[in-house]
Amino acid sequence: MSEALRDKAAALFAERFGEAAEGTVFAPGRVNLIGEHVDYNDGLVLPMPVREGTAIAWSRTEGGDIEAVAADFGEEDRFDAATPARPESVGWTSYVRGMVAEAGIPAGGLRIVITGDLPRGSGLSSSASLCIATGRALAAAAGTDADPVALAKAAQRTEHGWAGVACGIMDQMAVAAGQPGHAMLLDCRDLSYTLVPVPEGWSVAVADSGVTRGLVDGEYNARRAQCENAARALGVESLRDATMEALDAANLPHLEAMRAAHVISEIARTAAAADALRSGDLERFGSLLAEGHISLRDQFEVSVPAVDALVERLQEAIGVQGGARMTGAGFGGSVVTVMARDALERVTAEMGETLRQAF
Ligand code: ADP
Ligand code: MG
C-alpha cells in the first residue's frame, strides 16, 4: 500500500513540475486498539499503524521557498522556508507550515507533492500522518535521520499551535515510531513504549460509522477540564495516579466522578489488553474491548447511537473470539475490531461492509 502511494506521489510530482522527484516518504495513519481519552491523563494507550497513510514526493530547489501541493485537494501553497507564517484559517497548509517551523530541521528551497489514502476526520489520524510525512520529507531533503520522538513532539506542537487542536501525543507517537504488525504500548507520561507483535492468527480491522464528527472540540475540551478537575479534587497530578478506592472514598461531583471512573478503569484495561495480546488470548482481548466501549458510552459519554449500533452488530458477528469498540475521540468516526483472521471474511460478508484492515 505504502509503495503504491509513494509511486502515486512521484507520478503527481512529475506531472506538476515536469521533472522527477528526488525522493518519496510515507507515514501511516493509526488506529487505537484500546486506551481512549487517557493520553492526556498520563495513561497507557495501545495504538497501531494502519496500511493507509500519506506519501510525499520531494525535491530540493534553488532559493528559499517551499512550494507545497496538496494533490488530493488540487491546492497549492508557497512560503518562505525560513519564516513560515500562520495561514489565515486552519487547513492542510497549517500542518505543513507548522512542521517546517516546529521540526527543528533546517529547510531550504523545496517542492513537495502530498497525497494520501486515509479517510479524513474519521479517527485514523490523517493529520498526524500528514505531519510526520512532512517531517520525514524535511529530514530526507536535509540528508538527516529524523528522531521519531522529536518528530512526534513537533507534530503535537503543530496540532496545538497551528491547527488549534489540544490533542495528546498518542497519534503522533504511533505514526512516527510504530511498526507494521505491532501494537505500541505507550506510556503517555514519559513516552516510553514497547512494540507488541499482533499474533499471526489475529486480524485488526476498522469499520467507518459514516458519522463525521461535528462540534467535537468543545466536548473534547470539556472532557479534558473535567479530568483535570477530578485529578485536582483527588489530590493527584493526573488521573494516572488515582485509584478506584480513592475515587469511591472521595465525594466528587457526578460528572467528574464518571469521567474519572472511565479513565482509571481504561488505563487498567489497556495494561490487561497488552497482556492478552502477548499471550494470544483473543477472548480476553475481546471482552476488554467490549468493557471499554461501555465505559466510553456510559461514563465518558463520547459515543453516539449510530456507533453503538455498529459496535453491537460487529460484536454479534464476531462472537466471543474478539470484539469491537469505538476508537478515536468519539462523536462518530470509526469502530475497531479484533478477531481471528479466518473470521474476517465471514464477518465482512455478514456486515455487508468492507472492513479496512490494519497492517
Ligand atoms: P483526522 O482524524 O483524520 O486526523 P483531522 O481533522 O485532525 O482529522 O485532520 C484532517 C485534516 O488533515 C484535513 O482537513 C487536512 O487539512 C489535513 N490532511 C489530511 N490528509 C491530507 C492530505 N492527504 N492532503 C492534504 N491535507 C491533508
Ligand atoms: Mg487529527
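Within this structure, residue 141 fails the test of being in a loop (DSSP other than H, G, I, E, B) and surrounded by 18 or more Cβ atoms within 10 Å (Cβ to Cβ). Screening residue 270 on (1) surrounded by 15 or more Cβ atoms within 10 Å (Cβ to Cβ); (2) over 20 Å from the mean Cα position of the chain (by Cα) shows it passes everything except condition (2). Here region 15-54 is the region considered, the condition is being in contact (Cβ under 8 Å) with a residue 40 or more places away in the chain and assigned to a helix (DSSP H, G or I), and the residue that is farthest from residue 111 (Cα to Cα) is 41. Among the residues making up region 89-113, those that are away from ligand 2 (no atom under 15 Å from the Cβ), of a type in the set (A, V, I, L, M, F, W, C) and not in a helix (DSSP H, G or I) are 103, 105, 107, 110, 112, 113.
When residue 277 is tested against (1) open to solvent by 20 Å² or more (accessible area, probe 1.4 Å); (2) assigned to a helix (DSSP H, G or I), exactly one condition is not met: (1). Would you call residue 329 open to solvent by 10 Å² or more (accessible area, probe 1.4 Å) and within 24 Å of residue 39 (Cβ to Cβ)? The answer is yes for residue 329.
Quick one: which residue in 50, 96, 69 is open to solvent by less than 40 Å² (accessible area, probe 1.4 Å) and under 19 Å from residue 144 (Cα atoms)? Checking each option against the conditions leaves just 96. If we scan region 196-204, do we find a residue that is β-branched (Val, Ile, Thr), part of a loop (DSSP other than H, G, I, E, B), surrounded by 19 or more Cβ atoms within 10 Å (Cβ to Cβ) and more than 16 Å from ligand 2 (Cβ to nearest atom)? Yes: region 196-204 contains one or more residues that are β-branched (Val, Ile, Thr), part of a loop (DSSP other than H, G, I, E, B), surrounded by 19 or more Cβ atoms within 10 Å (Cβ to Cβ) and more than 16 Å from ligand 2 (Cβ to nearest atom).
So which residues in region 230-259 are open to solvent by less than 60 Å² (accessible area, probe 1.4 Å) and assigned to a helix (DSSP H, G or I)? Residues satisfying the conditions are 230, 231, 234, 239, 246, 247, 256, 257, 258, 259. Checked against (1) away from ligand 2 (no atom under 15 Å from the Cβ); (2) outside any loop (DSSP other than H, G, I, E, B), residue 86 passes all but a single condition, namely (2).
Residues of region 111-123 include none that is more than 16 Å from ligand 1 (Cβ to nearest atom), open to solvent by 10 Å² or more (accessible area, probe 1.4 Å) and either of a type in the set (A, V, I, L, M, F, W, C) or farther than 23 Å from residue 2 by Cα (or both).
Restricting 107, 81, 133 to those that are open to solvent by less than 30 Å² (accessible area, probe 1.4 Å) and more than 29 Å from residue 181 (Cα to Cα) reduces the list to 81. What residue, among those in region 120-152 that are over 12 Å from the mean Cα position of the chain (by Cα) and within 16 Å of ligand 2 (Cβ to nearest atom), is nearest to residue 39 (Cα to Cα)? Ranking the qualifying residues of region 120-152, first place goes to 151.
Taken over region 327-359, residues that are closer than 18 Å to residue 120 by Cβ and not β-branched (Val, Ile, Thr) amount to 9.
Within region 144-171, if we keep just the residues that are charged (D, E, K, R) and more than 9 Å from ligand 1 (Cβ to nearest atom), the residue that is surrounded by the fewest Cβ atoms within 10 Å (Cβ to Cβ) turns out to be 145.
The values are calculated or read from the model by the stated rules, or taken from the named source; none is laboratory data. Only a predicted model underlies this, so the values are computations on that prediction, with no experimental measurement involved. Cβ sites come from the backbone with ideal geometry, for glycine too, and all protein chains shown count toward neighbours. Keep in mind that these areas ignore ligands, DNA and RNA; they rest on the heavy atoms of the full protein, side chains included. Shrake-Rupley method; radii C 1.70, N 1.55, O 1.52, S 1.80 Å.
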